[in-house]
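Only one structure is covered here, and it is reproduced in the block below.
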Amino acid sequence: MSTSEPSVAGIVAAPDLPEVLPPRKERGRVGTVVYRHPTMAFGGLLLALVVAMAIFAPWLGTVDPTALAPARRTRPPPDLIAWLSYWFAGGRHPPAVQYWFGTDMLGRDVYSRVLYGTRVSLIVGFAVAFFSAVVGMVIGLVSGFVRWLDAVIMRIMDGMMSIPSILLAIALMALTRGSVRNVIIAITIAEVPRVSRLVRGVVLSLREQPYVEAAIASGTRTPKIIIKHILPNTLAPLTVQATFICAAAMISEAILSFIGAGTPPIIPSWGNIMAEGRALWQVKPYIVFFPAVFLSITVLAVNLLGDGLRDALDPRLAKRI
């Protein structure tokens, strides 16, 4: 071996240096939420658009939704393809469109009625979700933490849950006159048992936790234990359940109005718009089609928002993400 060549024993391996990566661009708070929970972001965006449509209905609508025009009854929607073709072809003044969704059998503008019907569905959905969550939370907390009341309250809730919610709402509406307030009360009464059982199940699991038992052993009063230790841990599942109740309440309101047991016909809602157009379904399907599409989109938005909230608020799913 030549003395000019380096020996293997004299070679010292270079230490492993950490790979230097370019700094990652930090996302904002909104970007992080969209990246981690795209379902919640998409559902929230859809719901925000529907809410904006309900708020600005007086400015987005073309005419009064209750205005009758028998001379213009059952006019079909405009040919949008021809209208867009004329506009893209360079026409400076495309044909004016007054009834975007056509008119019903009394000449009322379906487009304006669908816009104002958004208000009824959102009011009913949000109100039922709020009141049923509050009432059900109170019942569930009392039933889950006060043992001697649990059997009595839960047997009442079980009896109410044995009746399908829509049938119970129809029976309650049969005892009163049709109005938005009575629809909210009827659907709320039908949804309270499900919320109360959910909260009761959470309370029963929390009641056996060491910190709750320590609070009881130290002589802490029951109301303070419920407010400080039990209530905060029920808010996450209760919020998710409220979104699904909101979607179910919108469907129930549409069903009640469709069969004539919900809002009166003078108040435009998606249910009674479809009910008035079912007689002309085979010849004028657009009267039923447009409110049904808006109802489906709104319910889909609320359900997507609820699924995203469930993934975000569930600690086990958050660790997986």
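Quick notes
- All conditions but one from (1) hydrophobic (A, V, I, L, M, F, W, C); (2) over 22 Å from residue 138 (Cα atoms); (3) touching a helix residue (DSSP H, G or I) at 6+ places or on another chain (Cβ under 7 Å) apply to residue 195; the one that does not is (2).
- Annotation: residue 99 fulfils all but one of (1) in a helix (DSSP H, G or I); (2) surrounded by 20 or more Cβ atoms within 10 Å (Cβ to Cβ); (3) aromatic (Phe, Trp, Tyr); the unmet one is (1).
- In the stretch 51-74, of all residues being farther than 17 Å from residue 110 by Cα and under 16 Å from the mean Cα position of the chain (by Cα), the one that is surrounded by the fewest Cβ atoms within 10 Å (Cβ to Cβ) corresponds to 52.
- Among the residues making up the stretch 184-201, those that are surrounded by fewer than 20 Cβ atoms within 10 Å (Cβ to Cβ) and closer than 16 Å to residue 232 by Cα are 198, 201.
- Any hit, the stretch 282-297, residues being within 21 Å of the chain's Cα centre (by Cα), among the β-branched types (Val, Ile, Thr), modelled with pLDDT under 90 and not in a helix (DSSP H, G or I): no
- Residue among 266, 255 that alone is out of contact with any Phe, Trp or Tyr (no Cβ under 8 Å at 6 or more places or on another chain) and assigned to a helix (DSSP H, G or I): 255
- Tabulated pairs, the stretch 110-124, first among the basic types (Lys, Arg), second surrounded by fewer than 24 Cβ atoms within 10 Å (Cβ to Cβ), C-beta under 7 angstrom, 6+ apart or interchain: 113/65; 119/54; 119/57
- Within the stretch 198-222, the set of residues being out of contact with any helix residue (DSSP H, G or I) (no Cβ under 9 Å at 6 or more places or on another chain) and of a type in the set (A, V, I, L, M) comprises 214, 217.
- Residue match in the stretch 199-217 (condition: touching a Pro at 6+ places or on another chain (Cβ under 6 Å), of a type outside the set (Val, Ile, Thr) and in contact (Cβ under 8 Å) with a residue 12 or more places away in the chain): no
- Total residues in the stretch 230-254 satisfying the condition of being touching an Asp or Glu at 6+ places or on another chain (Cβ under 8 Å) and either crowded, with 24+ Cβ neighbours inside 10 Å or modelled with pLDDT of 95 or more (or both): the figure is 2.
- Filter result for residue 205 (under 22 Å from residue 158 (Cα atoms), of a type in the set (Ser, Thr, Tyr) and more than 19 Å from the chain's Cα centre (by Cα)): yes
- Of all the residues in the stretch 247-285, those that are farther than 19 Å from residue 64 by Cα and not small (Gly, Ala, Ser) number 14.
- Take the conditions (1) out of contact with any Asp or Glu (no Cβ under 9 Å at 6 or more places or on another chain); (2) closer than 30 Å to residue 269 by Cα; (3) at pLDDT below 85; (4) surrounded by 14 or more Cβ atoms within 10 Å (Cβ to Cβ); residue 41 misses just one of them, which is (3).
- Residue in the stretch 150-165 that is at pLDDT below 85, closer than 28 Å to residue 248 by Cβ and surrounded by 13 or more Cβ atoms within 10 Å (Cβ to Cβ) present: no
The values are calculated or read from the model by the stated rules, or taken from the named source; none is laboratory data. Not measured: the values here are computed from a predicted model. As a convention, Cβ positions derive from the backbone with ideal geometry for all residues, glycine included, and neighbour counts pool all protein chains shown.
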